[in-house]
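*Asks:* Before I ask anything, let me first share the structure, which is written out below as structure tokens.
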Amino acid sequence: MNDRPAFAVAFNHVGIGVADIDAAIAWYCDILGMRLISGPVEVSNDRQAQNVLGSRFGKMRQAHLSSINGIGIEFFQSIEPPFERRDDAVEFWKSGVFHICVTHPDVEELADRIVASGGALLSAVWDERGGDPNYKMCYCRDPFGTVIEIYSHSYELLQGHR
């Protein structure tokens, strides 16, 4: 573990499937303050998409958003085959991404906005650092089924000093 690669990577973006790309764009911009940087566009009969997504791919809509610190969210609305929503369980036992995490200084306020806009609160708001009320976190779900964790501080601050 001490051998570091010659070039470290930076986190670029995450891809999220949604049933209604227009509603997802509006929600992520209005509630989380994301910025639409391109799309939505329709993608069909595309050799690159078929190469990446497989032979079942027929048609989708795609859009790109950016957070305040330049991390991207790429939305996919599958049309052919039709979109299927995951179960509402937090499927932490399955491989792959089971949540995204955002940083906001007022965890309760953002959680309340998420709930008021059709999302759900999945956990209590917790003091993350041994009872220090300045460091908080909780889990929510957006109206489209994606689990969103909210941290009050950066990942390095919350996880690096345990």
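*Asks:* Taking the stretch 11-100, how much of its Cα-Cα pair set, in percent, is spaced more than 21 angstrom apart?
*Replies:* 37
*Asks:* Another one. Compute the length gained on full extension between Glu42 and Ala10: take 0.36 nm times their separation in residues and subtract their Cα-Cα distance, giving the result in nm to one decimal.
*Replies:* Extending this stretch completely gives an extra 8.7 nm.
*Asks:* OK, next. Can you tell me which of 135-143, 92-100, 49-57 comes out highest on packing, and rank the rest after it, using the mean Cβ neighbours within 10 Å?
*Replies:* 135-143, 49-57, 92-100
*Asks:* GluC sites (Glu not before Pro) within the stretch 10-119: which are DSSP loop residues with at most 12 other Cβ atoms inside 10 Å?
*Replies:* Glu84
*Asks:* When the helices in the chain are scored as -39500 (n - 2.57) per DSSP H run of 4 or longer and the sum is shared across all residues, what 222 nm value do you end up with, to the nearest 500 deg cm²/dmol?
*Replies:* Value at 222 nm, helices only: -6000 deg cm²/dmol.
*Asks:* Here is a follow-up. How many angstrom lie between the C-alpha centres of the stretch 78-120 and the stretch 1-74?
*Replies:* Comparing the Cα centres of the stretch 78-120 and the stretch 1-74, I get a distance of 15 Å.
*Asks:* What would the Debye formula give as log10 I(q)/I(0) at q = 0.19 Å⁻¹ for the alpha-carbon point model of the chain, no solvent?
*Replies:* -1.30
*Asks:* So if each residue of separation counts as 0.36 nm, and I subtract the Cα-Cα distance between Phe98 and Glu74, what length gain in nm does that give? Please list the in-between numbers first.
*Replies:* Numbers: separation 24, 0.36 × 24 = 8.64 nm, distance 1.58 nm.
Length gained between Phe98 and Glu74: 7.1 nm.
*Asks:* So if we plug the beta-carbon distance of Lys59 and Ala89 into 1/(1 + (r/R0)^6) with R0 = 30 Å, what FRET efficiency do we get, rounded to 0.05?
*Replies:* 0.55
*Asks:* Let me ask another. Could you tell me how many degrees, from 0 to 90 and to the nearest 10, lie between the Cα long axis of helix 107-116 and the main elongation axis, the longest principal axis, of the Cα atoms of the chain?
*Replies:* Approximately 40 degrees, to the nearest ten.
*Asks:* OK, next. Compute the Rg to Rh ratio over the stretch 65-146 from the alpha carbon atoms, using the Kirkwood formula for Rh, and round to two decimal places.
*Replies:* With Rg and the Kirkwood Rh in hand, the quotient comes to 1.00.
Taken together, the values in this text are just the output of simple stated rules run on the coordinates, not laboratory data. Keep in mind that what you see is a predicted model, and the values were worked out from it rather than measured. Because the Cβ atoms are built from the backbone with ideal geometry, glycine has one as well, and the counts that use them run over all protein chains shown.
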